[in-house]
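The values are calculated or read from the model by the stated rules, or taken from the named source; none is laboratory data. In this text the structure is predicted, and so the values were computed from the model without any measurement. As a convention, Cβ positions derive from the backbone with ideal geometry for all residues, glycine included, and neighbour counts pool all protein chains shown.
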Amino acid sequence: MSAVKVTRTEQVGLIRVDAPPVNAISQAVRQGLWDAFQAVSADPEVAVVVLICAGRTFMAGADASELGKPPVPPHLNDLVLFIESCPKPVVAAIHGQALGGGLEIALACSHRIATADARLGLPEVNLGFVPGAGGTQRLPRLIGVEPALEMAVEGKPVSAQKALESGLINAIADDLEPDALSFATTLAGVDPTLFKLNRPIGPDSFDPDVFDQWRAMCAKRKRGLDAPLAVINAVQAATGSDFQAGLDAERALSLELRKSPQSTALRHIFFAERATHKVEGLDLSQAAEINSVAVIGAGTMGAGIAQVFASQNIPVTLVEISDEAAQAGIERVRSNLEQAVKRGKLDCAHAEVILAKVTPTTDYQDLAQSDLVIEAAVEDMAIKKKIFEKLDQVCHPTAILATNTSYLDIDEIASATARPDRVAGLHFFSPAQIMKLVEVIRTDRTAPEVTATLAAVMKKLGKIGVIAGVCHGFIGNRMYQAYQREAGLLMLECGSPETVDAALRRFGMAMGPFQVLDLSGIDIGYLMRKSLPDGTVHPNAFQVHDQLVEMGRKGRKTQAGFYRYDGGNATLDEDVRSLIQSVAEKAGIARRMLSDHEIAERCIHALHQEGANILREGIAEKPGDIDVVFVNGYGFPRYKGGPMHHSSG
């Protein structure tokens, strides 16, 4: 069956793309469009053309299976020029998403109309390269230089309403195909060359300093990334007088970056995130509906988890040991929502709707009809087992009982119930309402449909659910312990947490390991290590950590940890230097200079080695799952693809 068909309704030629699931711009689609535009251009009965797509979306970008392979003609940039040369007006009728090459095709049309829920964008920067078919050249000519920079550098799609306001589209449709046909008939006889986006941009229409301003912003907010700077250069090329020269400059930048290590890494993590559910024994068609949720524990984590489900219109029962504690949990949800309103993520009315979905209680009997119960109590095995005993008694037989533990043995927790096949882990990362990563932990006894249900509900919540097996710390915290172990040893060798933190920040980590510990609380790891059998923890790596906690220095919350905090400034004081020196001397570790390269290589090697162990034990299904966890949960630079990808390159 052809991916592109041409029909005619009176004087309107209708070109319909039908290449499920997302009308990706494959070679078959490109060839089909070329042939279709050739046909309508030559048809004397056609006065105007409508380009529309079947299925759930307009063209949502390139065919992922072709990325990294030699291109096969017709090439997208040639196709876009061919569409633009059509001697008749062309209306792009957009629904769903017009992204990347899809938007570039739409920009080649003389007019654009979209449904109210459509989204349009140039997300190529997120995959480490520059649009290559004129997107950075036509977009600023249509909507202006500064709005085009925002769209192309940030890589975030805009709504149909914003597209209408900027001039990116001509109208919003109520009923797309009839409205597009009606709109098209008004264009019969109009000269399409009047709407070609190839004219010079007036020098008075933009601030010439805007490019340097965006470069300065990228140096701060997009540290280490090549593609945003290249996109700025491409848009700047559009302000020259020669349209073809701008196209050539954009194309050269695009082709160069597509072959770069950064683009390879970004594409790796992009596809790895979309493949997390592809694990042995997982069939999402087995997933059951989750229509109601209960969360045990209304602290920071529990309140955040409750908010996540309520935000997707799923009613949540929030359980605490007292009315005061339950109400405090509701106030935490309210505070989170108020912060989201301040950041422009929500409006006040929507925030109130979300809050109304969360009901506090102290009575476990209120959980009798909950489809999913998530325990988010303190990391204490005895407390968790007691909770699961209660849940086993009050919850209906098919309810899923999940724990948010970050490292405890879920098999032991499940043993407190008569339904271990209905027990699993849901390790949300903090803050749960913001972080996208969730480890979905299946035990050897977890029923396949339970894992499928949890994986499916994570997708519904907009989370990235990575399937993991049971071990101490699962994927993320087990690996992070290895990373912190190596960082601790490096600190003893060089005598300073500051040296290690700075080297790993320069590598690309969002924060240094000791900055992270101070932020999260050094005592969390201290208590976790106390729960481990003797001989499990390296004898030297965490000596400084443990002694700091015993000195009352637990991190930012006590105004002192590895660093001392005064008015928000972090400084390394003599007490910590002396402690490091004392521990190093007792361990027989001599002080020496360490290069950034050695520090980064040793820490990342420790991650890779632990990741290899996790794969060998079957805790993770594939290397990409480990990379997804570390990029999304631990600040590993996305443009390096994750520790497994980086170390294999």
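Look at region 619-649 and say how many of its residues are among the small types (Gly, Ala, Ser) and either within 20 Å of residue 438 (Cβ to Cβ) or assigned by TED's automatic domain parsing to the domain that holds residue 484 (or both).
5
Confirm whether residue 59 is without any contact (Cβ under 8 Å) to a residue 40 or more places away in the chain, at negative phi and surrounded by 22 or more Cβ atoms within 10 Å (Cβ to Cβ).
no
Every residue, every condition in (1) in a loop (DSSP other than H, G, I, E, B); (2) at positive phi; (3) touching a residue at least 40 places away in the same chain (Cβ under 8 Å), yes or no:
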position	(1), (2), (3)
336	no, no, yes
350	no, no, no
382	no, no, no
389	no, no, no
397	yes, no, no
411	no, no, yes
418	yes, no, no
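Only one residue in 367, 355 is over 30 Å from residue 527 (Cα atoms), surrounded by fewer than 19 Cβ atoms within 10 Å (Cβ to Cβ) and modelled with pLDDT of 95 or more. Which one?
Just one listed residue meets the conditions, 355.
Can you tell me which residue in region 182-211 is surrounded by the most Cβ atoms within 10 Å (Cβ to Cβ), limited to those that are in contact (Cβ under 8 Å) with a residue 12 or more places away in the chain and small (Gly, Ala, Ser)?
Here the residue is 184.
Residue 591 is checked against (1) in contact with a Cys (Cβ under 9 Å, 6 or more places away or on another chain); (2) assigned to a helix (DSSP H, G or I) and fails just one. What number does that condition carry?
For residue 591, the failing item is (2).
Determine whether region 131-139 contains at least one residue that is under 21 Å from the mean Cα position of the chain (by Cα), hydrophobic (A, V, I, L, M, F, W, C) and in the same structural domain as residue 191 (by TED's automatic domain parsing).
So far as region 131-139 goes, no, none of its residues is under 21 Å from the mean Cα position of the chain (by Cα), hydrophobic (A, V, I, L, M, F, W, C) and in the same structural domain as residue 191 (by TED's automatic domain parsing).
If I go through region 603-646 residue by residue, how many of them are in contact with a helix residue (DSSP H, G or I) (Cβ under 6 Å, 6 or more places away or on another chain), more than 25 Å from residue 491 (Cβ to Cβ) and not hydrophobic (A, V, I, L, M, F, W, C)?
The total comes to 7.
Pick out the one residue from 445, 419 that is within 21 Å of residue 377 (Cα to Cα) and touching an Asp or Glu at 6+ places or on another chain (Cβ under 9 Å).
The match here is 419.
Of everything in region 296-321, what is out of contact with any Ser or Thr (no Cβ under 6 Å at 6 or more places or on another chain) and surrounded by fewer than 18 Cβ atoms within 10 Å (Cβ to Cβ)? Give them in sequence order.
Across region 296-321, the qualifying residues are 299, 300, 312, 313, 321.
For region 543-566: of the residues being in contact with a Gly (Cβ under 7 Å, 6 or more places away or on another chain) and not in a helix (DSSP H, G or I), which is surrounded by the fewest Cβ atoms within 10 Å (Cβ to Cβ)?
So the residue we want is 554.
Do we have residue 205 as at pLDDT 95 or above and not β-branched (Val, Ile, Thr) here?
Judged against the criteria, residue 205 is not a match.
Residue 285: of a type in the set (S, T, N, Q) and in contact with a Pro (Cβ under 9 Å, 6 or more places away or on another chain), yes or no?
It is false that residue 285 is of a type in the set (S, T, N, Q) and in contact with a Pro (Cβ under 9 Å, 6 or more places away or on another chain).
Determine if region 212-223 includes at least one residue that is among the aromatic types (Phe, Trp, Tyr), crowded, with 19+ Cβ neighbours inside 10 Å and in a helix (DSSP H, G or I).
Looking for residues that are among the aromatic types (Phe, Trp, Tyr), crowded, with 19+ Cβ neighbours inside 10 Å and in a helix (DSSP H, G or I), one finds at least one in region 212-223, hence yes.
For residue 602, are the conditions met, namely being over 16 Å from residue 480 (Cβ atoms), of a type in the set (Lys, Arg) and either more than 23 Å from the chain's Cα centre (by Cα) or buried (at least 18 other Cβ atoms within 10 Å of the Cβ) (or both)?
For residue 602, the condition - over 16 Å from residue 480 (Cβ atoms), of a type in the set (Lys, Arg) and either more than 23 Å from the chain's Cα centre (by Cα) or buried (at least 18 other Cβ atoms within 10 Å of the Cβ) (or both) - is not met.
Restricting to region 159-181, and then to whatever is assigned to a helix (DSSP H, G or I) and among the polar types (S, T, N, Q), can you tell me which residue is surrounded by the most Cβ atoms within 10 Å (Cβ to Cβ)?
Residue satisfying both the conditions and the ranking: 166.
Any idea which of (1) closer than 21 Å to residue 617 by Cα; (2) over 27 Å from the mean Cα position of the chain (by Cα); (3) of a type in the set (S, T, N, Q) is the one residue 443 doesn't satisfy?
(2)
Would you check which residues across region 442-497 are more than 19 Å from residue 529 (Cβ to Cβ) and polar (S, T, N, Q) and list them?
Within region 442-497, 443, 446, 451, 453, 496 qualify.
Out of region 277-301, which residues are of a type in the set (Val, Ile, Thr) and either modelled with pLDDT of 95 or more or more than 23 Å from the chain's Cα centre (by Cα) (or both)?
Correct list: 290, 293, 295, 296.
Name the residue, out of 540, 569, that is surrounded by 15 or more Cβ atoms within 10 Å (Cβ to Cβ), farther than 23 Å from residue 406 by Cα and at pLDDT below 95.
540
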